[in-house]
Structure formats: structure tokens, C-alpha cells
Amino acid sequence: MFELIFLGTSASAPSPRRSLPAQVVKHDEHRFLIDCGEGTQRQILTSGIGFKRLNRILITHSHLDHILGLAGLLSTLMRWETMEELEIYAGPISLERIHDLLFGVVLRGANPPMPIHLRPLNGRVFFEAEDFSVSAFPVFHRGADSYGFVFQEKGRRPFLPEKAEELGIPPGPWRRELAAGQPVTLPDGRRVEPQWVLGEYRPGTKLVHVGDAGEVESLVEVCRDADALVIEATYLEQEAEMARQFSHLTARQAAELALRSGVRRLFLTHISRRYREKDVFAEAQAIFENVTVARDFDVFVIKREE
């Protein structure tokens, strides 16, 4: 299960109701900030999630509306917060711009308040915990240094208590070990194999996050069967040529991607001030029913339906 928190949902420039791009993905004690548009530190405070353990920042690409908030965030961390270290993941070219912003503009030769690690993405798994991983994949958007992210829980075979009852397996450590895939020897001397009490394999929850994108063909397979897809919808189809010119998507294109990929829920973000929210929603829902146009401070729980 992942928790998805939208901190900023506007495109290019803020509006009275939408701040610049930033989202948080939570899984147990792990928290990831995706993009950091100007004003993100204030959105973090307003949302009430705070800065604790928000020490991994994933950058989709280095256009200013996605990274300028890093300067203010670091300034806040320098003065008011305690953090053991900060990890920033981005493409190699983006990391150069981020380095110049943080070390040249904010720190200006001073030592950072905590170790700052700039970690280049390479299109593979870059974070792995016991029960989930995070990987990056390339995205086309006016350059070769844009990435999306897949948050993938590990699959499992569920423990079937009715099977355990049939076999006379008492409650306690024997059931726990079997659920973990380990064979056990019962007090009466019988040996029980885990496959006798485990159900069919079930894939874990899959959340895909795409920042700005200029096409969807290369995204179909990476989004395949995702429980949720977060993606931009900067334009409507009436201005599809402008979307193509600036390497962005229309709401229709995002919805078509969700439909082709078998996505279960679609969240649209990066919303332009030029459109009404209901029009963005209507264009997408005509193609893909289970769609949400995200708003600042929306919170969603993403989990695989049984």
C-alpha cells in the first residue's frame, strides 16, 4: 500500500488554487518527494506532513518549475530542521543544474547542514526495501534527461488459515514461518511445506509516476497493469498541436495511455490555468472512467484490490 499526497498540481506557473509540481509518496516509514517546485516547503507545512524522514527527493527533470523549490527547501532545512542526510535522485544533466542551484546559489561555498548526495538515475531500480522497490525509466520531454518512477511492492502468496486448520497446524510460530515461505516441523514431528498452506501468487501494488511527457507510446508497457498512474494533462485536445510543439500531453492522450495499459486509476496533474478543471476531467473521462483531476493537498491510498 502506498499513500499519495499532492502538494502542487499546476503547470509552469502557480495559480490561486494550485502550486507548482510536487508530490509525496509514502510507504510505511519511507517517504519520497517527487519534484520540488517553487513554494514546496510551504506546501509541506500547510499539508501537515512535516519534514521528518522526507530525505529522498526524486526529480523528473530539471525545468525550473520542477526544481526551483529545492533552494527554499534547503534554506529551511539549514535553519529549522534536523536531517541526517539528503538524497536527490535525477538524471545526470539535471544533477548538474541542481548542484549549481544548491551549492552555488544557496550555500555559496558554505558547508551544507547535512551530507547532500546527488545520485544519478540510470533507468533501473535505485531504491530497494524489504517489501518494495523504486525504479526509474526514461521519458521523452524536450531532451534526454527526463525520468518517470515505478513504485512496486513485492508480490506474495497469501497464507490460507483454512488450509492450516485442515492440516492441524497450531497457531504460533509455525504459521508465521510458513507464511514467510519457510518449511516447519510441528510439535508432533510432522514436516509441513509452505506451498501446502499458501495461495496463488498475487502481484504487489504498483504506482507509476510520470512528470512532463511529449508522447505516450514508450510508456505503455512500463504502465502496464498499474494500480495507479500519475501523469500530466497540460493541454486539451483542441490544442493538441500546441501540446506537441511544447512536448506535453493532452488529457485525452493521458486517458488513452491509461486505457491501453490496463491502469486501474488515473490521476491527472500539471493542470494549466488556461482550462477549467471540469473540462480536463470531461475530456479524460470520456476515454477512461476512473480518472481524478488532482488538487493541491489531495491524499489517496493506493493498494491492489483483492
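The values are calculated or read from the model by the stated rules, or taken from the named source; none is laboratory data. Please read these numbers as outputs of a predicted model, since none were measured by experiment. A quick note on method: Cβ atoms are made from the backbone with ideal geometry, for glycine too, and the neighbour counts reach across all protein chains shown.
Just the residues that are surrounded by fewer than 20 Cβ atoms within 10 Å (Cβ to Cβ), hydrophobic (A, V, I, L, M, F, W, C) and in contact (Cβ under 8 Å) with a residue 40 or more places away in the chain, please, taken from region 117-143.
Those that are surrounded by fewer than 20 Cβ atoms within 10 Å (Cβ to Cβ), hydrophobic (A, V, I, L, M, F, W, C) and in contact (Cβ under 8 Å) with a residue 40 or more places away in the chain: 127, 129, 137, 140.
Quick check: is even one residue across region 59-76 under 23 Å from residue 209 (Cα atoms), touching a strand residue (DSSP E or B) at 6+ places or on another chain (Cβ under 6 Å) and modelled with pLDDT under 95?
Taking every residue of region 59-76 in turn, none turns out to be under 23 Å from residue 209 (Cα atoms), touching a strand residue (DSSP E or B) at 6+ places or on another chain (Cβ under 6 Å) and modelled with pLDDT under 95.
Do you know which of the residues in region 1-53 that are of a type in the set (S, T, N, Q) and in a strand (DSSP E or B) is farthest from residue 229 (Cα to Cα)?
Step one: list which residues in region 1-53 are of a type in the set (S, T, N, Q), which gives 9-10, 12, 15, 19, 23, 40-41, 43, 46-47.
Now drop any that are not in a strand (DSSP E or B), which leaves 10, 23.
Working: 10: 17, 23: 13 Å.
My answer is 10.
Can you go through 229, 207, 249 and tell me which one is closer than 17 Å to residue 6 by Cα, free of Cβ contacts under 8 Å to residues at least 40 places away in the same chain and surrounded by 14 or more Cβ atoms within 10 Å (Cβ to Cβ)?
On the way: 207 fails: free of Cβ contacts under 8 Å to residues at least 40 places away in the same chain; 249 fails: closer than 17 Å to residue 6 by Cα.
Sole residue among the options that is closer than 17 Å to residue 6 by Cα, free of Cβ contacts under 8 Å to residues at least 40 places away in the same chain and surrounded by 14 or more Cβ atoms within 10 Å (Cβ to Cβ): 229.
For residues in region 100-116 being free of Cβ contacts under 8 Å to residues at least 24 places away in the same chain and exposed (fewer than 14 other Cβ atoms within 10 Å of the Cβ), which is nearest to residue 213 (Cα to Cα)?
100
Taking region 145-198 as the search range and keeping residues that are outside any strand (DSSP E or B) and closer than 30 Å to residue 209 by Cβ, which one is nearest to the chain's Cα centre (by Cα)?
Within region 145-198, the first condition is being outside any strand (DSSP E or B), and the residues that meet it are 145, 154-155, 157-158, 160-183, 186-190, 193-197.
Subsequent filtering for residues that are closer than 30 Å to residue 209 by Cβ retains 145, 154-155, 157-158.
On the way: 145: 18, 154: 16, 155: 18, 157: 25, 158: 26 Å.
Here the residue is 154.
Please work out which residue is farthest from residue 141 (Cα to Cα), limiting yourself to region 84-99 and to residues that are surrounded by fewer than 16 Cβ atoms within 10 Å (Cβ to Cβ) and not β-branched (Val, Ile, Thr).
84
Quick check on my filter: what residues within region 70-89 are under 13 Å from residue 51 (Cβ atoms), not aliphatic (A, V, I, L, M) and not in a loop (DSSP other than H, G, I, E, B)?
Result: 72, 75, 76, 79, 80.
Within region 158-198, can you find the residues that are out of contact with any Phe, Trp or Tyr (no Cβ under 8 Å at 6 or more places or on another chain) and small (Gly, Ala, Ser)?
Going residue by residue through region 158-198, those that are out of contact with any Phe, Trp or Tyr (no Cβ under 8 Å at 6 or more places or on another chain) are 158-162, 164-166, 168-174, 176-177, 180-183, 185, 187-191, 193-196.
If the condition is that a residue be out of contact with any Phe, Trp or Tyr (no Cβ under 8 Å at 6 or more places or on another chain) and small (Gly, Ala, Ser), then 164, 168, 172, 180, 181, 189 are the ones that fit.
Considering region 121-147 alone, what residues qualify as being small (Gly, Ala, Ser) and in contact with a Ser or Thr (Cβ under 7 Å, 6 or more places away or on another chain)?
Step one: list which residues in region 121-147 are small (Gly, Ala, Ser), which gives 123, 129, 133, 135-136, 143-144, 146.
Residue satisfying the conditions is 146 alone.
Filter region 90-118 down to residues that are closer than 18 Å to residue 60 by Cβ and not in a helix (DSSP H, G or I), then give me how many there are. Quick ask: steps written out before the conclusion?
At the first step, the residues of region 90-118 found to be closer than 18 Å to residue 60 by Cβ are 90-99, 101-102, 118.
Next, only the ones that are not in a helix (DSSP H, G or I) stay: 90-91, 118.
Selection size over region 90-118: 3.
Considering 219, 236, 257, which residue is hydrophobic (A, V, I, L, M, F, W, C) and closer than 18 Å to residue 9 by Cα? Working first, answer last.
Details: 219 fails: closer than 18 Å to residue 9 by Cα; 257 fails: closer than 18 Å to residue 9 by Cα.
Going through 219, 236, 257 in turn, just one is hydrophobic (A, V, I, L, M, F, W, C) and closer than 18 Å to residue 9 by Cα: 236.
Which of the residues belonging to region 285-299 are outside any loop (DSSP other than H, G, I, E, B), touching an Asp or Glu at 6+ places or on another chain (Cβ under 9 Å) and crowded, with 17+ Cβ neighbours inside 10 Å? Quick ask: steps written out before the conclusion?
Of all residues in region 285-299, those outside any loop (DSSP other than H, G, I, E, B) come to 285, 291-293, 299.
Remaining after also requiring touching an Asp or Glu at 6+ places or on another chain (Cβ under 9 Å): 292-293, 299.
Within region 285-299, 292, 293 meet the criteria.
Hey, could you check region 130-168 for residues that are of a type in the set (A, V, I, L, M) and touching a strand residue (DSSP E or B) at 6+ places or on another chain (Cβ under 6 Å) and say which is nearest to residue 56 (Cα to Cα)?
Among those residues, the one meeting the criterion is 134.
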